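Each remark here refers to the structure printed beneath this line.
The values are calculated or read from the model by the stated rules, or taken from the named source; none is laboratory data. Fair warning: this is a prediction, and the values are worked out from it, not measured in the lab. So basically every Cβ, Gly included, is an ideal-geometry build from the backbone, and we count neighbours across all protein chains shown. The area values use the complete protein model at the heavy-atom level, side chains included, leaving out ligands, DNA and RNA. Shrake-Rupley method; radii C 1.70, N 1.55, O 1.52, S 1.80 Å.
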Amino acid sequence: HSSSLVIRSGHELVTHGVYRFLRHPIYLGAILVSLGLPITASSWIALAPMILLIPFFVYRMNIEEDLLEQEFGEAYSSYMARTRRLIPFLY
């Protein structure tokens, strides 16, 4: 796992499975966990810092999408046009 976003040699654009509906399912999972854990623990104070992670994830998605569009061009642009970014049927 890398903290910086890079395209590795042989990287392929995956558009099947869950990626057929969402471009960033891992970010959705991370957001749900970061919001769900404090709620499950009934710690509303812990919820505030977790909410602050959401802009970080959106920032990373923007960078990732720029990289993927540079790498895959029209194929990624077309994929973006037919899928949602994070929330099925909404965003």
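Fully extending the segment from Q70 to S43 would add 5.5 nm, taking 0.36 nm per residue of separation and subtracting the current Cα-Cα distance.
Whole-Hz Karplus values for the stretch 46-53 come out as 6, 5, 4, x, 5, 4, 5, 6 Hz, taken residue by residue from phi with 6.51 cos²θ - 1.76 cosθ + 1.60 and θ = phi - 60°; glycine and proline positions read x. Would you mind getting me the FRET efficiency between S78 and V33? Use the beta-carbon distance for r and R0 = 30 Å, nearest 0.05. Computed FRET efficiency for S78 and V33 comes out at 0.45.
With R₀ set to 22 Å, the beta-carbon distance separating S4 from L52 gives a calculated FRET efficiency near 0.55. When a 1.4 Å probe is rolled over the protein heavy atoms, the share of accessible surface on the chain that falls to carbon and sulfur comes to 65 percent.
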